[in-house]
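Take a look at the structure below.
Every number here is computed from the coordinates shown, using simple stated rules; none is lab data. In this text the structure is predicted, and so the values were computed from the model without any measurement. Heads up, the Cβs are rebuilt from the backbone with ideal geometry, glycines too, and the neighbour counts pull from every protein chain shown.
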Amino acid sequence: MVAHRLLWGLVGLFFIAFPIIVPSDYYQHLIIIVLMWVVIGSSWNLLAGFTGQISFGHAIFFGVGAYTAGIFATKLGISAWWGLACGGIASMAVALFVGWVCFRLRGPYFALATLAGGEIFRLLATNWESLTEGMVGILIIQTFRSKLPYYYIALGLALTCVLSIHFVMKSKWGYYFVSIREDQDTAEAMGIDTALYKNISLLISAFFTGTAGAFYMNYMGFIDPEVVFHLNYISIMAILVAIVGGAATIWGPAVGAFVMVLVQETFRSAFFGLAPKWVSQGHALVFGLLVIFVIMYLSNGIVGDWRKIKGIFSRAA
Amino acid sequence: MPLLELKKVFKAFGGLMAVNDVSFQVDKGEIFGLIGPNGSGKTTIFNCICQFFPITSGDIIFNGQSIKGLKTHQICQAGIGRTFQVVKPLARMTVRDNVTASAFCRVNGIREAQYEADKILEYCHLDMSSAKPAKSLPIAGRKRLEIARALATRPTLLLLDETAAGLNPTEVDEAIALIKRIRDDGITILIVEHIMKVIMTISDRIHAINFGQTIAQGTPQETANNQAVIEAYLGEDYA
């Protein structure tokens with residue numbers, strides 16, 4: 001399978017050299033956002049795809065990470081980059097509380113509880129003005145003019161996240177997570193402390209999502225509660241990224257991040273200016289259609305059902 | 001000292017007394033059978049032993065210590081393994097991974113766990129299916145997988161819940177042989193079973209319940225001839 005490895009090597013090299021090959025600010029921004037979603041999607045996938053706990057509230061961790069970085073800058077007067085180091089840790093602390101509350105519930109009830117959690121944190125950020133500046137949001141001066149450093153930080157984050165999850169899933173923890181997903185009661189009867197391992201999965205997931213949030217603060221320079229705690233644009237997007245790409249696979253969320261950001265951007269820019277203006281509102285509709293299509297025909301996502309996709313093309317040829 | 005002792009166990013679900021003053025002892029090395037018609041409370045008793053829910057009153061003593069109030073996974077770690085009446089394969093994992101996950105209860109490290117799993121799969125005659133997803137196994141294989149998973153936790157006491165249900169006569173004979181082998185290797189067995197052939201041939205002692213209450217206890221012969229037992233089973237199929 002030398003050709004296979006060569007291909008992946010080339011893909012890897014492309015991403016490493018991308019900002020140098022493509023000097024456009026616009027495309028660099030797009031790929032940085034894709035890389036951020038690789039992190040968030042992979043994190044969600046660890047908790048939901050592999051451990052079976054479907055969270056509708058990952059915005060909690062993204063937002064907490066973002067605000068940690070922002071508050072470091074505005075309240076503590078230290079660089080928001082410290083937030084990058086601490087955003088993940090702050091998210092883990094919040095995750096302990098979220099897990100304590102929400103893991104009493106299972107399945108759709110757990111999902112609803114996390115959804116409510118996301119909204120609660122959004123309202124907290126909106127109203128706790130002394131801490132978060134409320135709807136005014138937090139504005140910081142970006143450290144770098146060029147996007148290059150941000151690109152490589154995002155690339156580093158994405159690689160660290162995906163590889164960490166890969167190694168976790170290969171370990172005893174990986175077996176335990178999947179056992180809990182398949183049947184929690186059986187897992188308990190097999191000697192697995194399901195409460196503990198659900199929380200471990202959540203902590204890892206929250207850590208990377210929070211780090212992504214802190215990165216977002218540093219990169220964009222501006223956050224407010226509506227942006228970082230948004231139900232649709234953060235929590236639901238994380239779910240779509242993982243499902244379309246392939247839940248319960250290692251590279252699925254990476255593929256999903258690429259596809260979903262691409263679709264989102266294609267519609268937001270009305271097919272890059274080629275289509276009439278009203279098309280730009282259509283991305284939500286297309287997301288919905290895409291999810292329906294995936295659930296009906298490619299229920300394991302693009303990566304999960306890759307054989308099926310290849311089969312369609314070989315038959316057509 | 002008995003390995004397992006149930007002392008005046010009561011379990012109520014709201015107004016329904018599912019387990020009503022049940023007491024028995026299981027001695028080390030024996031095969032202890034629990035019989036009763038559908039809905040009599042047998043699986044509930046298993047769930048009580050494994051603490052899937054707290055018991056209403058009474059005590060359960062394992063190896064001289066009360067296990068009341070322990071969490072289910074702690075009970076497994078203490079040495080009680082369990083199979084489920086409605087088989088629960090970890091469907092999307094392979095057969096080998098099912099048992100490997102279980103083996104982590106006693107060993108650390110992937111290689112050790114996989115080695116343990118392979119040994120147990122061979123013991124349970126599942127080694128041919130080891131790489132297949134668990135959901136692809138037919139019912140007999142799934143029942144053996146339940147046992148294999150429980151064995152991977154190195155139990156001192158194995159709770160078997162209707163291991164022979166749904167099997168054809170050949171498969172039933174294989175199940176009986178496997179259970180005897182497990183007992184001969186030193187594991188005490190508490191078995192719930194409907195199929196009389198299984199329970200009567202392998203049990204050392206039998207405890208019969210109906211509507212959550214004890215109706216008879218003794219050797220297979222005594223229990224089979226017990227009036228209350230015959231009445232309770234009137235209309236049931238005999239295997």
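What the table below lists for this structure:
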{"quantity": "Computed E for B:Asp27/A:Phe144 - FRET, C-beta separation, R0 56 angstrom, nearest 0.05", "calculated": "0.15"}
{"quantity": "The stretch B:83-145 and the stretch A:238-295: distance between their alpha carbon centers, rounded to Å", "calculated": "39"}
{"quantity": "Helix runs (DSSP H) in chain A reaching 18 Å along axis by Cα, Kyte-Doolittle at least 0.0", "calculated": "A:2-21, A:25-45, A:59-74, A:81-102, A:107-127, A:148-170, A:194-220, A:252-268, A:283-297"}
{"quantity": "Local net charge near B:Gln74, Cβ-Cβ under 10 Å (Lys/Arg +1, Asp/Glu -1)", "calculated": "-1"}
{"quantity": "Principal axis dimensions, largest first and in whole angstrom, of chain A by Cα", "calculated": "60, 56, 39"}
{"quantity": "Average projection area in nm² (convex hull over Cα atoms of the protein assembly as shown, one quarter of hull surface)", "calculated": "31.7"}
{"quantity": "For the stretch A:4-43 versus the stretch A:102-119, the gap between their alpha-carbon centres in whole angstrom", "calculated": "33"}
{"quantity": "Distance from the stretch B:157-228 to the stretch A:208-229 (C-alpha centre basis), Å", "calculated": "61"}
{"quantity": "Angstrom value of the Kirkwood radius, inverse mean 1/r, which spans all Cα pairs in the stretch B:4-233", "calculated": "17.9"}
{"quantity": "Exercise: per-residue mean of other protein chain Cβ atoms within 10 Å, B:81-92", "calculated": "3"}
{"quantity": "B:Lys8/B:Gln221 FRET efficiency (R0 30 Å; Cβ-Cβ; nearest 0.05)", "calculated": "0.65"}
{"quantity": "The stretch A:1-145: C-alpha gyration tensor shape, a/c 1.5 cut-off, then a/b vs b/c", "calculated": "oblate"}
{"quantity": "Of B:Lys71/B:Lys197; A:Lys172/A:Lys310; B:Lys8/B:Lys119; A:Lys198/B:Lys8; A:Lys198/B:Lys143, those spanning more than 30 Å from alpha-carbon to alpha-carbon", "calculated": "B:Lys71/B:Lys197; A:Lys172/A:Lys310; B:Lys8/B:Lys119; A:Lys198/B:Lys8"}
{"quantity": "Shielding by other protein chains, B:95-108, mean Cβ within 10 Å", "calculated": "4"}
{"quantity": "DSSP beta bridges in the stretch B:4-233 [antiparallel fraction, %, rounded to 5]", "calculated": "55"}
{"quantity": "Sum of -39500 (n - 2.57) over DSSP H runs of 4+, divided by residues of the protein assembly as shown (222 nm, nearest 500)", "calculated": "-18000 deg cm²/dmol"}
